[in-house]
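Scroll down for the structure; my scribbles are underneath it.
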Amino acid sequence: MNNSTVHKLIIDTDPGIDDAMAIALACAHPQIELLGLTTVFGNVSVDLATRNALSILEQFGFADTPVATGAARPLVQKPLPHPDFVHGQDGMGNIELPAPEGKAQALDAADFIIEQANAHAGQISLVAVGPLTNIALALQRDPQLPLKLEKLVVMGGALDEPGNVSPVAEANFLGDPHAADKVFAVEWPATIVGLDVTHKVLLFDSDMDELQQRSAIYGDLLRRSSRFYIDFYSTTGAARDYPEPGCAMHDAAAVVCALHPEWFETVSGVVRVVEDGVAAGQLTMNRRGYRYLLDHWEGRPATSACVDLQVDAVKSCFINSLC
Ligand code: RIB
Ligand code: CA
């Protein structure tokens, strides 16, 4: 990416403490034009996600950036309980964000995505960091959508890495496995940024303290909200091998991937997301291109999924962009 390229981004999000980090990066990075946020249920209800999105943007000085409210529930399955033990009752580490002054757009999330894709044909990076319900609905309403985007980057899934909500499932894909499976049934310029790589990008207390010192606009909110998240990682043992208390930088890694795909190593193959049963939410990929006895992986395009990344480059892109 040359230094003059400006990437137009829409982030589909369920803020969410690590979502706020992704939003901060999109606001702060000089080569990102954040066209808007679309909200979805997941870490919190969609109404709270919308409230948080509006408030986070106002706190970051981006009150004019549109927010469009999306799906309140998955396409098919019963909604899962919101993980308030991970993100807090308010979704932002219980830091009591000020109530937003602004309001969401009249258009819903799927229509906002379609409207923006038509207005900026081929120029938008759609970064999805929550359950994929809005993306599936937008695709349903406009099957040409994949041709109108520059790229789709999805934070979700786990190929070789264990899941974080079951031994095989990652939270966003389990949040709406039917939507995830529908999204990957068609040809997008898509990249999956899953736990295989996001579990390698760790933010420690010392990093969040540094941000609070060095980032006048973003540091305080991210430091305060991340305490709850880091406590969760520490108490559940997810961070047992970390050198100090910390957390994984899931959603911001997807924004970095939209800007610097060259920092990510991918594998490609037809993917299916298991829709129900004990393995619901599992991301599976036919990495060998075999024709198996079971033909669930036939007749679909290949999708790229990240298996490694340049950790230092990704992490410093996040930290330095905010300071
Ligand atoms: O599994 C991590 C993902 O689930 C992140 O997007 C986090 O915000 C939660 O939505
Ligand atoms: Ca998220």
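Readers should treat all values here as calculations from the given coordinates under stated rules, not as data from a laboratory. Predicted model, so just to flag it, every value in this text is computed and none were measured. Note that each Cβ is placed from the backbone with ideal geometry, even for glycine, and that neighbours are counted across all protein chains shown.
Structure above, values below:
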read-out: Two-site label geometry, Phe204 and His260: point separation in nm, points 7 Å out along Cα→Cβ; value: 2.0
read-out: Stokes-Einstein translational diffusion, the range 88-179 - Kirkwood Rh over all Cα pairs, 0.890 mPa s, 25 °C, in µm²/s; value: 161
read-out: Rg/Rh (Cα only; Kirkwood hydrodynamic radius) as it applies to the range 244-294; value: 1.10
read-out: Gyration tensor over alpha-carbon atoms, the chain, equivalent ellipsoid semi-axes in Å; value: 27, 22, 20
read-out: Solution diffusion estimate, µm²/s, Stokes-Einstein, the range 93-239, Kirkwood Rh from C-alpha pairs, 20 °C, viscosity 1.002 mPa s; value: 122
read-out: Three-way shape label, the range 7-157, alpha-carbon gyration tensor, a/c 1.5; value: oblate
read-out: Phi-based couplings in Hz for the range 26-36 (Karplus 6.51, -1.76, 1.60; Gly and Pro marked x); value: 5, 6, 8, 5, x, 9, 10, 10, 7, 6, x
read-out: Highest to lowest packing among 21-30, 238-247, scored as the average C-beta count within 10 Å; value: 21-30, 238-247
read-out: Pairwise FRET efficiency - Gln31 versus Arg141, Cβ, R0 = 30 Å, nearest 0.05; value: 0.50
read-out: Computed helical MRE - 222 nm, the chain, DSSP H runs ≥ 4 contributing -39500 (n - 2.57), nearest 500; value: -10500 deg cm²/dmol
read-out: Length released on extending from Phe85 to Ala63, taking residue separation times 0.36 nm less the Cα-Cα span; value: 5.0 nm
read-out: Share of alpha-carbon pairs per 10 Å distance bin for the range 58-103, given as whole %; value: 20, 36, 37, 7
read-out: Proximal charge balance of Val76 [Cβ under 12 Å; K/R count +1, D/E count -1]; value: -1
read-out: Cα gyration tensor, the range 206-323 - rounded (a/c under 1.5), prolate or oblate; value: prolate
read-out: Estimated vicinal HN-Hα couplings, Hz - the range 283-288 in sequence order (Karplus 6.51, -1.76, 1.60; Gly, Pro = x); value: 8, 10, 9, 7, 7, 9
read-out: Shape metrics for the range 25-80, restricted to C-alpha atoms - Rg then Dmax, Å; value: 12.9, 41
read-out: Semi-axes of the equivalent ellipsoid for the range 82-121, Cα gyration tensor, largest first, Å; value: 30, 14, 8
read-out: Mean Cβ neighbour count within 10 Å, used as a protection proxy, ranking 283-290, 98-105, 83-90 highest first; value: 83-90, 283-290, 98-105
read-out: Sorted by Cβ density within 10 Å, fewest first, the residues Cys257, Cys323; value: Cys323, Cys257
read-out: Cut-off under 5 Å, modelled amide H: who pairs with Glu33 long-range; value: His7, Lys8, Leu9
